[in-house]
Amino acid sequence: MLFKTCVVVILLSDFSTAKDWCYFGCEKSLPHWGKYYPKCNGHKQSPINIDTQKVVKNQELASVDLINFSLPHTMKMLKNNGHTVECELKAGAVGVQGGGLKHKYTVLQFHFHWGGKDLVNHPGSEHSLNGHRSPLEMHIVSRRSDLNDSTAAKLQDGFAVLGFFIESNEKDMSQVWESFTDYLQKIPRKGDKVRIMEPFSMHQLLKGVDLSKYYRYNGSLTTPPCDEAVVWTIFKDPIRISKDQLLRFPTQISFDNVYRPQQPLNNRVVYSSTTLNRRSHRNN
Ligand SMILES: *[C@@H]1O[C@H](CO)[C@@H](O)[C@H](O)[C@H]1NC(C)=O
Ligand SMILES: *[C@@H]1O[C@H](CO)[C@@H](O)[C@H](O)[C@H]1NC(C)=O
Ligand SMILES: *[C@@H]1O[C@H](CO)[C@@H](O)[C@H](O)[C@H]1NC(C)=O
């Protein structure tokens, strides 16, 4: 009994450091992040708006190599952590390299940011393109394969996050997203988790996105402690799922409006990949 008690205490204290923040309705809510987590006041914070008239085309930014994204059974568990729903991947199963990244990265998890119950009028993407925000945004989080969380957090390129806008499409319904978002009803509350049984691959979730068209900038984690340790890759094309599937996020999960407001660009440059025409605009 005594032994068990000790283990619980150690685990709790280990996770308490940056876990008691929130977006709204607690002491460490959004307006106060900077007070409790000083890095959130930095000058290279995320998310940002991307002004496509100001991005600089960079010849080094070819397609990102998504390693094992076609492999089935790489998703392990979907968890509600009180801030988002996060899908944990099997350790070391999926990776990211190339596309101007100077290191190899291992994908750890992906998670979502969403807005209010009516996602159309209250979109919840964190990034935006020319001021346009999408209903949802998905972040695939990877860490330099040669580092652990604490060493990666100290370097500007410790983490690489792939960001995808998610928009609604009433025409052809994605069966994979239907099955994937079906899991949300099983994890409405903080601490709930469910094992993923289907053989989904990462690529199945990214259908319809031209992976050679993206924006690149140096930024931060969008949640406390806001370490400026992220190389961001934001894809131009949105993933399209049905409105019903979109609405499962704010309605089946017990919280909504889980996104950070946009941060000043300051003196940073946003680059675009080689195949992106600087003057092209989203026409949807
Ligand atoms: C890709 O999958 C293969 C087969 O499971 C594995 O051996 C390899 O380590 C994986 N590569 C990466 C970069 O995760
Ligand atoms: C991370 O790696 C560093 C350097 O290799 C090591 O000193 C540290 O103990 C590691 N931290 C964890 C939490 O594993
Ligand atoms: C990010 O920062 C690193 C180190 O300061 C720099 O070498 C790199 O060019 C920057 N990348 C972008 C996309 O601004």
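A compact table of results
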read-out: Filter result for residue 170 (more than 22 Å from residue 78 (Cβ to Cβ), within 16 Å of ligand 3 (Cβ to nearest atom) and in contact with a helix residue (DSSP H, G or I) (Cβ under 9 Å, 6 or more places away or on another chain)); value: no
read-out: Given (1) surrounded by 15 or more Cβ atoms within 10 Å (Cβ to Cβ); (2) modelled with pLDDT under 95; (3) of a type outside the set (Ser, Thr, Tyr), index of the condition residue 30 fails; value: (2)
read-out: Among residues of the range 48-80, those that are assigned to a loop (DSSP other than H, G, I, E, B), touching a Lys or Arg at 6+ places or on another chain (Cβ under 7 Å) and closer than 16 Å to residue 110 by Cα, counted; value: 1
read-out: Where a residue in the range 181-195 is over 19 Å from residue 136 (Cβ atoms) and its partner, wherever it lies, is assigned to a helix (DSSP H, G or I) and not acidic (Asp, Glu), with Cβ under 6 Å and at least six apart; value: 194/183; 194/186
read-out: Total residues in the range 121-153, condition touching a residue at least 60 places away in the same chain (Cβ under 8 Å), assigned to a loop (DSSP other than H, G, I, E, B) and more than 16 Å from ligand 3 (Cβ to nearest atom); value: 8
read-out: Any pair with Cβ under 7 angstrom, 6 or more apart, that starts in the range 216-236 at a residue that is under 17 Å from residue 21 (Cα atoms) and ends at one that is in a strand (DSSP E or B) and within 11 Å of ligand 3 (Cβ to nearest atom); value: 220/230; 221/230
read-out: Unmet criterion (only one of (1) within 16 Å of ligand 2 (Cβ to nearest atom); (2) in contact with a Lys or Arg (Cβ under 8 Å, 6 or more places away or on another chain)) for residue 125; value: (1)
read-out: Subset of the range 81-104 that is over 16 Å from residue 143 (Cα atoms) and not hydroxyl-bearing (Ser, Thr, Tyr) - its residue that is surrounded by the most Cβ atoms within 10 Å (Cβ to Cβ); value: 85
read-out: Among the candidates 128, 150, 134, 142, residue that is in contact with a Phe, Trp or Tyr (Cβ under 7 Å, 6 or more places away or on another chain), modelled with pLDDT of 95 or more and away from ligand 1 (no atom under 16 Å from the Cβ); value: 134
read-out: Residue list for the range 137-164, filter: among the hydrophobic types (A, V, I, L, M, F, W, C) and out of contact with any strand residue (DSSP E or B) (no Cβ under 6 Å at 6 or more places or on another chain); value: 147, 153, 155
read-out: Residue tally, condition in contact with a helix residue (DSSP H, G or I) (Cβ under 8 Å, 6 or more places away or on another chain) and assigned to a strand (DSSP E or B), over the range 90-106; value: 0
read-out: From 277, 266, 283, residue being among the polar types (S, T, N, Q) and either at pLDDT 95 or above or within 16 Å of ligand 3 (Cβ to nearest atom) (or both); value: 266
read-out: Matching entry among 71, 108, 78, 119 (being surrounded by fewer than 20 Cβ atoms within 10 Å (Cβ to Cβ) and more than 17 Å from residue 162 (Cα to Cα)); value: 71
read-out: Sole exception among (1) buried (at least 20 other Cβ atoms within 10 Å of the Cβ); (2) more than 11 Å from ligand 3 (Cβ to nearest atom); (3) over 15 Å from the mean Cα position of the chain (by Cα) for residue 258, by number; value: (3)
read-out: Any chance residue 187 is away from ligand 2 (no atom under 16 Å from the Cβ) and touching a Phe, Trp or Tyr at 6+ places or on another chain (Cβ under 7 Å); value: no
read-out: Any hit, the range 235-243, residues being under 19 Å from residue 137 (Cα atoms), among the aliphatic types (A, V, I, L, M) and not in a loop (DSSP other than H, G, I, E, B); value: yes
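The values are calculated or read from the model by the stated rules, or taken from the named source; none is laboratory data. Predicted model, so just to flag it, every value in this text is computed and none were measured. Every residue, glycine as well, gets a Cβ built from its backbone with ideal geometry; the counts of neighbours run over all protein chains shown.
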